[in-house]
Every structure is written in C-alpha cells, then in structure tokens.
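The values are calculated or read from the model by the stated rules, or taken from the named source; none is laboratory data. Here the structure is a predicted model, which means the values were calculated and not measured. Note: ideal-geometry Cβ built from the backbone for every residue, glycine included; neighbour counts use all protein chains shown. Heavy atoms of the whole protein, side chains included, go into the accessibility calculation; ligands, DNA and RNA do not. Shrake-Rupley method; radii C 1.70, N 1.55, O 1.52, S 1.80 Å.
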Amino acid sequence: QLQACGGGLVQAGGSLRLSCAASGIIFSINAMMGWYRQAPGKQREVVAAFTSGGSTNYADSVKGRFTVSRANAGNTMYLQMNNLKPEDTAIYYCNVLTYIPDRRNYWGQGTLVTVSS
C-alpha cells in the first residue's frame, strides 16, 4: 500500500529523488506522512515529514539539502535529496500514520540510497 522507489548509487555531492505512492489508504484529517531512514547498525530515524497540521519538519542533518513534497491529492510523496553525503547512506522508508478506520501505521518496503565518497 506504500510503494517507494528512486534509490540508487550516487557520488557525494550528487542528487536523488525518492518517490512514495500510497494506495488503498484513507488519510484522516490529522494523518502524517514522512520519510525515515535506517543506516547499518543504527536505529531508524525520521528524515522529513508532514505533520498532522500540514507543516514540514526536517532532521537537522538534512536541513537545507532535502525537500519533501506531496502531489496527486497527497497520495504521492517525494524526497528531493541534494548535496548528498556518505552519511546519508541508508535504506529510506516512507510512512503514513492515519486514524481511519482506526490508528493505522503503514510502512513502505524501503529503497536503498548509497552515497560514495
């Protein structure tokens, strides 16, 4: 129900755009949608997300380099990643938290981003 794509291998300083398509998910008015990542040996962390109020939050490590956006009536989410660094290497997951018909937390399958130095 969440399909993420767009990962790949890129050199430091390069760019990638990730996409996440949601299907079969009903977005409640206070739903949240965002990107997370998990590097080897580390915990999953939030990268960028739309809050329940519609604003966007970014991890300090990606501010000024990454931009999250939505399209297709909110069913598609993008993560534009510029000036990539080796420490951005991780599996990136998209996530939706919605409250219809009850609290549902959806995860995409993950897409691997590898940044070489």
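Taking only C-alpha pairs under 8 Å that are 6+ residues apart, what is the relative contact order of the chain in percent?
Working: 282 pairs, mean separation 42.8, N = 117.
Relative CO of the chain lands at 37 percent.
Per residue, how large is the accessible surface of the range 20-117? Use a 1.4 angstrom probe and give square angstrom.
Accessible surface, normalised per residue, equals 52 Å².
On the protein heavy atoms, probe 1.4 angstrom, tell me the percent of accessible surface of the range 1-55 carried by carbon and sulfur.
51
Mind listing the lone cysteines of the chain, meaning no other Cys beta-carbon sits under 4.7 Å from theirs?
C5
Say we join alpha carbon atoms closer than 10 Å with springs in a Gaussian network model of the chain; which of Q80, Q43, Q11 then has the biggest fluctuation?
Q43
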